[in-house]
């Protein structure tokens, strides 16, 4: 789970990120045109039909990093670290360990787990920046039919409960879900979190060699800017800006 904290730099930060979005979008558009032309020549009607009927919205995502765009993603990351007041936090959970140690192997409700972990991550960071009013823009999460309370109310209540335990005034101005393709800021979170998860998976031998070749340049840029050899650890960097990684121990 990733969290981006931005205050009055949000406009400048967005403007700095936008050109990379446009360049990566254009690269993807040209690649798609080339692919369609190749399929047309080969008369691959089925694949052409699949491309034509696809309704996937374009967005920046770590998993979409490839050989044709990884240098642009690398530049985006480099620019990100030029904003010292923009902060990033990651919460990493080993799902198998979490289930076995916290619930004796029983299946956990993903909704409750998400709300619990999100509230924990947010409350621990909000306490460091009070007094303030925080507006939380969260990646869209569908509410199960058996849950009556909305995501927004569930998360707001869970955060404020934790803040009250720390004797911190209510600081959450509002919570709203957004589809990630509609928010460049959510997409930046995905890229940074993807870099962190890359190193955790790499450490466990879960990254295939071809995937490593595509995504390593972007992760390496994060490492370079933080002056570290790996992101697979619980630690907090304070330069060039706040970058915190917390591996949850069940």
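Only the coordinates and a few stated rules stand behind these numbers; no lab work does. The structure displayed is predicted, hence computed values, not measured ones. Here the Cβ is made from the backbone with ideal geometry for all residues, glycine too, and neighbour counts use every protein chain on show.
Highest GNM mean-square fluctuation among 72, 168, 41, for the chain modelled with Cα contacts below 10 Å: 41. Between helix 209-226 and the chain there is an angle of about 50 degrees, using the helix long axis and the longest principal axis of the Cα atoms. If I fit a long axis through the Cα atoms of helix 10-41 and take the longest principal axis of the Cα atoms of the chain, what angle between them do I get, 0 to 90°, rounded to 10? With rounding to tens, the tilt is 30 degrees. Quick check: the distance between the Cα centres of region 48-101 and region 214-250, to the nearest angstrom? So the separation of the two Cα centres works out to 14 Å. The GNM of the chain, with springs linking C-alpha atoms under 10 angstrom apart, assigns the highest mean-square fluctuation among 209, 59, 160 to 209.
Give me the number: length gained by fully extending residue 26 to residue 109, i.e. 0.36 nm times residue separation minus the C-alpha to C-alpha distance, one decimal in nm. Before the final figure, lay out each step's value.
Details: separation 83, 0.36 × 83 = 29.88 nm, distance 4.01 nm.
Result for the pair: 25.9 nm of gain on full extension.
Comparing 223, 74, 143 in a Gaussian network model of the chain, where Cα atoms under 10 Å apart are tied by springs, the biggest mean-square fluctuation is seen for 143. Residue order for 135, 89, fewest other beta carbons within 10 angstrom first, comes to 135, 89. At an R0 of 51 angstrom, the distance between the Cβ atoms of residue 203 and residue 45 translates into a FRET efficiency of 0.70.
Using only alpha carbons, region 112-250 has a radius of gyration to Kirkwood radius ratio (Rg to Rh) of 1.00.
How much of the DSSP beta bridge set in the chain is antiparallel, as a percent to the nearest 5? Intermediate results must be reported in sequence, preceding the final value.
Working: 7 of 18 bridges.
Rounded to the nearest five, the antiparallel share is 40 percent.
When only Cα pairs under 8 Å and 6 or more residues apart are kept, what is the percent relative contact order across the chain?
Numbers: 293 pairs, mean separation 77.1, N = 250.
Relative contact order of the chain: 31 percent.
To the nearest ten degrees, helix 184-203 and the longest principal axis of the Cα atoms of the chain are 90 degrees apart.
I need the Kirkwood Rh of region 25-76: take the reciprocal of the average 1/r across all distinct C-alpha pairs and report it in angstrom. Don't skip to the end; give the middle numbers.
Numbers: mean 1/r = 0.0805 Å⁻¹.
Evaluated over region 25-76, this radius sits at 12.4 Å.
Per-residue ellipticity at 222 nm for the chain, helices alone: DSSP H runs ≥ 4 residues times -39500 (n - 2.57), over residue total, nearest 500 deg cm²/dmol?
On the way: 8 runs with 130 residues, N = 250.
Computed ellipticity for the chain at 222 nm equals -17500 deg cm²/dmol.
Residue order for 145, 95, 162, fewest other beta carbons within 10 angstrom first, comes to 145, 95, 162. Mean projection of the Cα convex hull over all viewing directions, computed for the chain: 15.8 nm².
Counting other beta carbons within 10 Å of each Cβ, put 172, 196 in order, fewest first.
Numbers: 172 20, 196 23.
So the residues, fewest neighbours to most, are 172, 196.
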